[in-house]
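Report on the following structure.
The values are calculated or read from the model by the stated rules, or taken from the named source; none is laboratory data. Keep in mind that this is a model prediction, so the values were computed, not measured. With ideal geometry, Cβ positions are generated from the backbone for all residues, glycine too; neighbour counts draw on all protein chains shown.
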Amino acid sequence: MSKIAPTALIDESAQIGADVELGPYAQIGPNVVLDDGVQIGAHAVISRNTTIGRETVVHPFAVLGGPPQSVGYRGEETTLVIGARNVIREFVTINRGMPNARGETRIGDGGFIMTHAHIAHDCVLGDGVIMANNVMIGGHVHIGDAAWIGGGAAVHQNARIGRNAMLGGMAGLEGDLIPFGSALGNRAYLGGLNLVGLKRRGFSRETIHDIRNAYRLLFAEEGTFQERLDDVAETFSNCPEAMEIVEFIRTGGNRSLCMPHRDV
């Protein structure tokens with residue numbers, strides 16, 4: 001049975017599933033869809049054109065589905081889609097897409113987005129992404145499954161973060177962070193691999209060993225970067241994780257690659 005506070009405001013076009021909880025003064029706007037078991041805290045705002053998957057918990061004062069923060073936005077109908085079993089903490093803001101881009105911001109399943117984090121328009125987050133307090137994600141950013149973003153970190157628009165990567169607290173990421181990589185610093189540089197995350201996620205010792213060797217070859221000093229990339233693709237063709245790094249780099253994006261310092 002749903003538990004809806006008497007002071008909650010629900011637009012007549014909203015669709016509310018079974019066992020949904022709405023706290024005092026929660027606002028549910030036009031064309032919002034709340035799947036079964038969703039919990040919306042007191043004073044949270046689900047603005048419009050937003051779908052929230054089952055059993056996701058939204059804490060008080062979060063604002064989801066607000067208009068994109070872009071000077072080019074003119075009130076067009078765009079969307080936000082949030083998956084199942086996410087935890088979205090207090091004062092988080094997640095904007096809808098822009099009409100001249102994807103037109104949709106998308107959050108995967110099982111994520112944990114901590115207080116005051118901001119996710120801008122047209123971002124795509126995979127499953128199990130964790131963001132600590134005060135993280136700032138610019139528009140059009142793609143973040144792979146199980147990535148970790150440390151407190152106060154900022155990610156430049158159009159950047160990509162690969163699967164199981166980790167961005168350190170207070171870091172400013174301007175380029176693309178490879179899968180399984182770990183970046184840190186005011187202007188973030190690649191500091192190595194996210195070994196702790198790999199172990200926690202159950203990657204085998206053999207797989208971690210192969211990823212480490214592929215990383216060392218890729219960022220060695222000998223030869224050109226393209227030559228080393230080709231060497232990794234040939235040498236580690238039987239390691240799916242190493243090939244995931246190769247494919248991430250070869251696919252490319254709108255930002256340069258986050259690289260190690262020369263003395264790292």
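Scanning the range 213-264 for residues being of a type in the set (K, R) and in contact (Cβ under 8 Å) with a residue 12 or more places away in the chain gives a total of 2.
Only residues that are free of Cβ contacts under 8 Å to residues at least 40 places away in the same chain and of a type outside the set (V, I, T) were counted across the range 160-191, and they come to 14. The residue pairs whose first member lies in the range 64-87 and is within 22 Å of N100 (Cβ to Cβ) and in the same structural domain as H118 (by TED's automatic domain parsing), whose second member is among the small types (G, A, S) and buried (at least 18 other Cβ atoms within 10 Å of the Cβ), and whose beta carbons are closer than 6 Å, counting only pairs six or more residues apart or on different chains, are G65/S47; G66/S47; T78/G97; L80/G65.
No other residue among P67, P30 is surrounded by fewer than 20 Cβ atoms within 10 Å (Cβ to Cβ), in contact with a strand residue (DSSP E or B) (Cβ under 9 Å, 6 or more places away or on another chain) and within 26 Å of H140 (Cβ to Cβ) apart from P67. The residue of the range 94-137 that is nearest to E77 (Cα to Cα), among those that are among the charged types (D, E, K, R) and surrounded by fewer than 24 Cβ atoms within 10 Å (Cβ to Cβ), is E104. Residues that are of a type outside the set (A, V, I, L, M), closer than 16 Å to M136 by Cβ and part of a strand (DSSP E or B) within the range 91-107 comprise T93, N95, T105, listed in sequence order. For the range 143-181, the candidate set comprises residues that are in a strand (DSSP E or B) and small (G, A, S); within that set, the residue that is surrounded by the most Cβ atoms within 10 Å (Cβ to Cβ) is G181. Whether a residue is of a type in the set (G, A, S), part of a loop (DSSP other than H, G, I, E, B) and in the same structural domain as T50 (by TED's automatic domain parsing) was assessed, and G128 passes this test. With the structure loaded, tell me whether E55 is assigned to a loop (DSSP other than H, G, I, E, B), acidic (D, E), within 16 Å of I113 (Cα to Cα) and assigned by TED's automatic domain parsing to the domain that holds T115 or whether it fails that test. Here the answer is yes, as E55 does meet what is asked. Restricting attention to the range 219-242, the residues being crowded, with 16+ Cβ neighbours inside 10 Å and in a helix (DSSP H, G or I) number 7.
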